[in-house]
1. What are the residues in the stretch B:330-378 that are more than 35 Å from the chain's Cα centre (by Cα), of a type in the set (A, V, I, L, M, F, W, C) and either at the interface with chain A (Cβ under 9 Å from one of its Cβ atoms) or farther than 21 Å from B:GLU395 by Cβ (or both), if any?
2. Within the stretch B:374-385, identify whether any single residue is without any contact (Cβ under 8 Å) to a residue 60 or more places away in the chain and polar (S, T, N, Q), and answer yes or no.
3. Out of all the residues in the stretch B:131-159, which are in a loop (DSSP other than H, G, I, E, B) and either at positive phi or exposed (fewer than 14 other Cβ atoms within 10 Å of the Cβ) (or both)?
4. Residue check, B:ALA100 against (1) surrounded by fewer than 22 Cβ atoms within 10 Å (Cβ to Cβ); (2) farther than 27 Å from B:GLY199 by Cα; (3) of a type in the set (A, V, I, L, M), all met but one. Which one?
5. Going through the stretch B:383-430 one residue at a time, which ones are hydrophobic (A, V, I, L, M, F, W, C), outside any strand (DSSP E or B) and surrounded by 13 or more Cβ atoms within 10 Å (Cβ to Cβ)?
6. Of the conditions (1) surrounded by 19 or more Cβ atoms within 10 Å (Cβ to Cβ); (2) of a type outside the set (S, T, N, Q); (3) in contact with a helix residue (DSSP H, G or I) (Cβ under 9 Å, 6 or more places away or on another chain), B:PHE18 fails just one. Which one is it?
7. Answer with yes or no whether B:ILE128 is touching a residue at least 60 places away in the same chain (Cβ under 8 Å), in a loop (DSSP other than H, G, I, E, B), surrounded by fewer than 24 Cβ atoms within 10 Å (Cβ to Cβ) and in the same structural domain as B:GLN432 (by TED's automatic domain parsing).
8. Do any residues in the stretch A:28-48 that are within 22 Å of B:LYS219 (Cβ to Cβ) have Cβ atoms under 6 Å from those of residues that are surrounded by 15 or more Cβ atoms within 10 Å (Cβ to Cβ) and of a type in the set (Val, Ile, Thr), where the two are at least six apart or on different chains, and which pairs are they?
Amino acid sequence: MKKKLAHLAHSRAGDKGNTLILSLFPFEEADYPLLVEKVTAERVKQHLSHQLKGEVFRYLIPELHALMFTCENALSGGVTTSIALDAHGKSLSYAILELTV
Amino acid sequence: MKEKIRIGCGAGFSGDRFEPALILTEQGDLDYLVLECLAERTIALAQKRKLQDPNSGYDIFLERRIESLLPLLVHHKTRLITNMGAANPIAGAEKIKSIAKKLGLKIRVAVVLGDDVIHQLTGEELSIEGNKFLHTYGTRVSANAYMGIEAILPALSSGADIILTGRVADPSLFLAPMVYEFGWSTEDWDLLGKGTVLGHLMECAGQLTGGYFADPVTKPVPDLHLLGHPLVEVSRDGSGLIQKISGTGGLISVQTAKEQLLYEVTHPRNYLTPDVVADFSTVRFEEKGENQLQVNGGTGKCKPESLKVSVGYQSGWMGEGEISYAGSHAVERAKWAGEIIQQRIGDQFEEFKIDLIGLNSMHGGDLAANTTPYEVRLRVAGKSPTKEIAQRIGEEVEALYTNGPAGGGGARKYLHEVLGVVSILMNRNQIQPALKLIDA
């Protein structure tokens, strides 16, 4: 059965200029292969297509059971000039957790 | 020489809470307290204050933080390292001197200078973000290089009680005392990598102890209202034991540390600082006890040839207006109100945005589809080169009270000047760190 990522994993959002960084960690290490298989860069880009206007790069850090997504052109110009309410994109960790796998 | 040093982080941004630094200093048996108070835009804002008043331009909370902290720092022989100097570290140091005099305390402040490079810029430099010449952006108000440990080390050698900097890389605030106390070579990339890992984990203070982490359903954090900030006991080999003061709230665990390790990191194997290119992928965490986390690993490669320079520029004005609707057809009425504002003034703005707070203001797109909130708040935001036009947004939203759909309440309007920040690279030879001592 499909599950929301929010039940399987946790995430933190960070910003560097107009680049959004989303990390993703399974609560249970056993779920790491599932996340690696299902949560591809393409899937994240599609899921957040409203927000992500540039390339999405995925990094895997198996020793930490971590996935990381570096999303370019993702924050309407970046925190200093964006007119978005959440100009940092801090809430976007919970947007990736809406994905179902 | 010491085998271990204890470094606390009492603030992770300018507006951070005050109490955790006091608790850390009082009970942490700290050698060093770090207060990291400079975000990307903070210096540009501070530079604008300095232009208005040459005696200002340091962190707006410097006075309040130092007044309460200074007696504790002196009593516990804890040295303070902080970037609260912002755009005017000398004026900040003079302020600290006057506070020390008032409190009857004898201290030495070392001011780290050299980050301000605005007079070296020609406008022909290319921005990293847009690959565009700087002169194509708005009027420049600030340009500050991210300096590293080489700027801070002489201040530590000077015997100063307080080291006050402008822009330096955040992890360098922590790495400098490690290098100084352990006598590490500034070209031992492996040790600098390890120290940078610890500095990066610590620099956001409460984000390592459960702040920005906590979720009542999946990631509960005890006593979040009493959140304590972290301290790290660093060993000579570059490993560290992260902990917090007992009795404070929060949580230090592998989970909290992993989230912070990758925070704002664009490439986990190449984390660039002025001191080293650190590799975070080899870091290992081990819970040693309740709220005790051992950090091992991390490596590094040779430091970069260029330093990043943040350039602040004027980018016009932003106006905002908000008004709420509740009950039946709340979303329909709020949408209609937004369309009305768009029709009335939308064409006057280069950038214009209509959000329904409670429905689509944070993520937008399909994520909010098929949800119906009981109440919703219309937010209209727009940017304009002139203040007069920007403030029309708030005025028009307020006018919806009597000129818009039924039941609009709680209108608010906001106006602020926009300072943009872009980055360039500058050869590190062009940046000359300097030191000034001020004794009180």
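The values are calculated or read from the model by the stated rules, or taken from the named source; none is laboratory data. For clarity, every value in this text was computed on a predicted model and none was experimentally measured. As a convention, Cβ positions derive from the backbone with ideal geometry for all residues, glycine included, and neighbour counts pool all protein chains shown.
1. If the condition is that a residue be more than 35 Å from the chain's Cα centre (by Cα), of a type in the set (A, V, I, L, M, F, W, C) and either at the interface with chain A (Cβ under 9 Å from one of its Cβ atoms) or farther than 21 Å from B:GLU395 by Cβ (or both), then B:ALA330, B:VAL331 are the ones that fit.
2. Checked against the condition, which is being without any contact (Cβ under 8 Å) to a residue 60 or more places away in the chain and polar (S, T, N, Q), the stretch B:374-385 yields no hits at all.
3. Within the stretch B:131-159, B:ASN131, B:LYS132, B:THR139, B:GLY159 meet the criteria.
4. (1)
5. B:ILE389, B:ALA390, B:ILE393, B:VAL397, B:ALA399, B:LEU400, listed by residue number.
6. (1)
7. yes
8. Every condition considered, the pairs that remain are A:LYS38/A:VAL101; A:VAL44/A:VAL56.
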